[in-house]
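Heads up: the structure comes next, in structure tokens.
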Amino acid sequence: MARIVLTGNLQLHTEGVSELELDVNTIRQLMRQLSTRYPGLPADFEDEVAVSIDGTIYQDDWFAEIAPDSEVHLLPKIGGG
Amino acid sequence: MTDSNKTPSGNGTGNGKEYKWVGTRAVRPDGVDKVTGRAKFGADLHLPNMLVGKVLRSPHAHAHIRSIDTSAAEALSGVKAVVTRDDFSDQPKGAVQPAGEMTINYRDMVRNVMAREKALYEGHAIAAVAAVDARIAAKALSLIKVDFEVLPHVIDPVAAMESGAPIIQEDLMTEGMEQSPGAMTNIAKRVEFGHGDVAVGFAEADVVIEREFTTQPVHQGYIEPHACVASMTEDGQGELWLSTQGHYVARGHCATLLGLDVSKLRVQASEIGGGFGGKTVVYLEPLALALSRKACQPVKMTMTREEVFRATGPTSGAHLWVKVGATNDGRITAADAVLKYQAGAFPGSPVAQGAQCAFAPYELNHVRTVGYDILVNRAKVAAYRAPGAPIAEYATESVMDEIAGVIGMDPLAFRLKNAPKQGSQSSYGPKFPVIGCIETLEAARDHDHYQTPLKPGQGRGVATGYWFNIGGQTSATLNLSEDGSVALVLGTVDVGGTRASLSMMAAEELGIDLDKVRPMIVDTSALGYNMLTGGSRVTFAGGIAVVGAAQDLIGTLKDRAAKFWDISVDDVEWAEGEARATNGYTDNMQPLSLQEIAKDMAKTGGPIVGAHSINAQGAGPSFGTHVVDVDVDRETGRVWVTRYTVVQDAGKAIHPSYVEGQYQGGAVQGIGWALNEEYIYDDKGRLENAGFLDYRVPVCSDVPMIDTVIVEVANPTHPYGVRGVGETPIVPPMAAISNALANALGIRFTALPMSPPKVLAAIKAANGDVTTAN
């Protein structure tokens, strides 16, 4: 099971839960499971977040792979100048 | 064509490999056009029957717009079109859409390009006209009657957070905070990052330092003002030429605001005279398109410098609180910060990124950063190199320097003792991938600059900075010509030399001379989607796309050679610009050069094209450490930067001269931010220094030659190890210079800019002259 860490303001929508373990293989599966488990998450929350999988940051990539022992952080999306 | 999010391996294997082109200082492909004046910038396009567009702007910082009467302007001979809020459909409330780097609230954007219910800052667009010449357009603006109800305004972020402050947007709800029902606020968002327990960490500290800082809004200061030419025809088709960092993103914004099909709008980016994040948004372009749609004639619009200052996004001013604890042997035990950033009149300051970067150069067990995004009556902020990070790290790196001084530790040794490495948990959560923080600190420590004694009266400061860097959607195509030369087709605007760096990677992969590759940036209809140039992404993401396109091209070249030889493609390899038969066929078949295959491509299957589209991931973060020496004129308060060295991890410098230029440019902009630049408002919220005479950016005589050291810790997610380099260099300068001033004068400054009057007042106050201190 991957370790999922919610940062920023996400835990306001997850009943205060900031860490959990999920059986997911991709970011798409992660987003679906989070939306199902926490219906209070905004419908467009996945457009607002970046996903760090074992330190590598992914943005807008549903099919990036998550390993069973991965550490996954959800962060605010990163822009730049 | 290949289309995959998997990074192609290419020929690059990171550092240590000798390349023919990568890592050289090749001649820039845009050089001749720029030095001869041939290059066409935003204002350089002229079309038949083109009109001139101008904008009427609010003279008030905050006002209801009761009515706008354009009848007299429309009746003026030579006026072809007038647009106001009524010409732009409102956008759905609360809906945000992915666009470019971030999600965009188009309800805010439509109000920013043209005021609706209220004018929210001085310079806010109220109406626009298109006329046959500039004189008539200006006359028409003077005939537009606007009935304003002037409202109280607020500029300072702390004042804007107080109860009773003028409310900028009455329906604003605070994201990330509980809000009392019915209460109105200017706080758009609260964010928090960190781990551990800072109270526990501070209890372990021998020394705790707590400071408050302020910074002022500063502009990106690009030399070329915003400019565009829009042309819409009776059948609803449109073309747009503009100075931008991202013409695909601009296309999406404009199509949304005007209700057009995206594909009906063809957008071409001009050469760009600087952007630094400030040209990632649209201002004039939707107005020009709306005017052109009404007039059915092309419309050119250009901003004056004054309009650029009043109406386009600078970065935030801020109030910052920082507290750091450490042991006497130099181990940081806790770090805490609260950051309050001005957003301008609409939500969206870079405070979240500032909060994430604030303590990134340190490995910490107990850390917390809280940020607030605050509306004020100023133009909405836009990105500015490493948006948010320079502000936050100015404060945190100042406190780190002070705490190192209190415990009597060399400031670089202090940073090295607490530096993160691969696997360290970052202050914002994830563990770092391969990074070069320690390598940059060690290179700074060992540099001649740091080892050279100061002259009497001088001071030396250091600071470290961090920026994430990003990837994103990118497409590239290589079209083989019949003589073996190659057209490299790109859709990423070249702000900092990416035509050169991407061409060099193409030549390296194909094994051909660089002068056989001609790069060009095409319009939005000619290539797949490209995200804007920002986040220091293009040499990283574009490099992956180009390497993929080259591998795609090579695959076809090998296939054609195999057909020519009547052998399996598995028995063909590509090396040094030619196809070679292998696996026992070597003796029977002479290699086929790219030119030979190109010459006969019609007979072997037709045109040969390599293409690759990717949403690049895994951008390598970059750390930089700056060392600066200053001298202070004790009689005037003037600060002279006498020596400056930038040390930064580039992963792999494809074109070292461009990388050095990024380092130097960031340092110079940071010197201006530290010592002179600020927005000054009168008591009515009107900007008093909207020009380069009064808003003082550094000129050549203000800065020494900026020395540079390129550290190369390869980013494993890129075929050549590239990390973005364009943003990190602006993060450390403000703190480095403040730390140098503290070293020179024994005075810790806590407000930017450290301009001569403020420095002089502080010197006099330190000498007991309290009448002049501020």
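Read-outs throughout are calculated quantities, based only on the coordinates presented, and are distinct from any laboratory measurement. Model, not experiment: these values are computed from the prediction. Cβ coordinates were reconstructed from backbone atoms using ideal geometry, including for glycine residues, and neighbour counts include every protein chain displayed.
Under the rule a/c < 1.5 gives rounded, and otherwise a/b versus b/c splits prolate from oblate, where does the stretch B:124-199 land using the Cα gyration tensor? Judged from the Cα gyration tensor, the stretch B:124-199 comes out prolate (a/c at least 1.5, a/b above b/c). Where in the stretch B:65-115 are there trypsin sites (Lys or Arg not before Pro) that are in a DSSP coil and have at most 14 other Cβ atoms within 10 angstrom of their Cβ? Counting only loop positions with at most 14 other Cβ atoms within 10 Å, the trypsin sites (Lys or Arg not before Pro) in the stretch B:65-115 are B:Lys93. Label-to-label distance, B:Val32 versus B:Met184, with points set 7 angstrom from Cα along the beta-carbon direction: 6.2 nm. Pairs of Cα atoms nearer than 8 Å and 6+ residues apart set the relative contact order; for the stretch A:2-76 it is 43 percent. Take chain B and mark each of the GluC sites (Glu not before Pro) that is in a DSSP loop with at most 12 other Cβ atoms within 10 Å; the longest unmarked stretch, sites excluded, is B:235-575.
Protection proxy ranking for B:430-436, B:240-246, using the average of other Cβ atoms within 10 Å per residue and placing the highest first: B:240-246, B:430-436. Remark: the protein assembly as shown projects, on average over all directions, an area of 38.1 nm² (convex hull of Cα atoms). Dividing the convex hull volume of the alpha-carbon atoms in the stretch B:436-582 by its residue count gives 179 Å³ per residue. Going through the cross-link list B:Lys54/B:Lys294; B:Lys380/B:Lys431; B:Lys139/B:Lys380, which pairs have a Cα-Cα distance over 22 Å in this structure? From B:Lys54/B:Lys294; B:Lys380/B:Lys431; B:Lys139/B:Lys380, over 22 Å: B:Lys380/B:Lys431; B:Lys139/B:Lys380.
Net charge near B:Gln422, counting Lys/Arg +1 and Asp/Glu -1 over other residues with Cβ under 13 Å of its Cβ? It works out to a net charge of -2. Antiparallel beta bridges, as assigned by DSSP with both residues in the protein assembly as shown, represent about 75 percent of the total such bridges. Electrostatic bookkeeping for B:Ala379 treats Lys and Arg as +1 and Asp and Glu as -1; over the other residues with beta carbon under 13 Å from its beta carbon, the sum is +2. Straight-line cross-link reach from B:Lys603 at under 19 Å between alpha-carbon atoms covers these aspartates and glutamates, not counting any fewer than eight positions away in the same chain: B:Glu482, B:Asp483, B:Asp559, B:Asp566, B:Glu578.
A Förster radius of 22 Å combined with the Cβ-Cβ distance from B:Asp147 to B:Glu688 puts the calculated FRET efficiency at roughly 0.25. Within 10 Å of the Cβ of each residue in B:424-433, the mean number of Cβ atoms contributed by other protein chains is 5.
Normalising by the residue count of the stretch B:171-306, find the relative contact order in percent from Cα pairs under 8 Å and 6+ residues apart. Result for the stretch B:171-306 is 26 percent. Secondary structure note: in chain B, about 75% of the DSSP beta bridges are antiparallel. Each Cα pair of the stretch B:316-433 feeds into the Kirkwood radius, which the Stokes-Einstein equation turns, at 10 °C and 1.306 mPa s, into a diffusion coefficient of 108 µm²/s.
If you plug the beta carbon distance of B:Lys421 and B:Glu306 into 1/(1 + (r/R0)^6) with R0 = 60 Å, you get a FRET efficiency near 0.80. Among the trypsin sites (Lys or Arg not before Pro) found in the stretch B:636-688, not one is both in a DSSP coil and sparsely packed, with 11 or fewer other Cβ atoms within 10 Å of its Cβ. Just grab the label-to-label distance for B:Ile407 and B:Lys264, each label 7 Å out from Cα along the Cβ direction, in nm (one decimal). Label-label distance for B:Ile407 and B:Lys264, simple model: 6.5 nm.
Its convex hull of Cα atoms gives the stretch B:471-553 a direction-averaged projected area, equal to a quarter of the hull surface, of 4.9 nm². Spin-label pair A:Ser18-B:Asn328: with each label point 7 Å from Cα along the Cα-Cβ axis, the two points sit 3.3 nm from one another.
Counting DSSP beta bridges in the stretch A:2-76, what percent are antiparallel, to the nearest 5? Beta bridges within the stretch A:2-76, antiparallel portion: roughly 75 percent. Backbone N atoms of the stretch B:189-216 closer than 13 Å to the 7 Å Cα→Cβ label point of B:Trp321 belong to residues B:210-213. Under the criterion of Cα pairs below 8 Å and six or more residues apart, the relative contact order for chain B equals 17 percent. Peptide B:184-196 is shielded by partner chain Cβ atoms: per residue, an average of 2 of them sit within 10 Å of its Cβ. Among the residues of A:48-55, the average count of other protein chain beta-carbon atoms within 10 Å of the residue beta-carbon is 5.
Calculated from the alpha-carbon coordinates, the stretch B:648-774 shows an Rg and a Dmax of 18.5, 61 Å respectively. Screening chain B for DSSP H helices whose Cα atoms reach 27 Å or more along their own axis and whose mean Kyte hydropathy is at least -0.5 gives B:543-565, B:656-675.
The stretch between B:Asp90 and B:Ser77 holds 1.6 nm of extra length on full extension. This uses 0.36 nm per residue minus the Cα-Cα distance. Summarising the overall dimensions of the stretch A:2-76 from its C-alpha atoms, the Rg and Dmax are 10.9, 28 angstrom.
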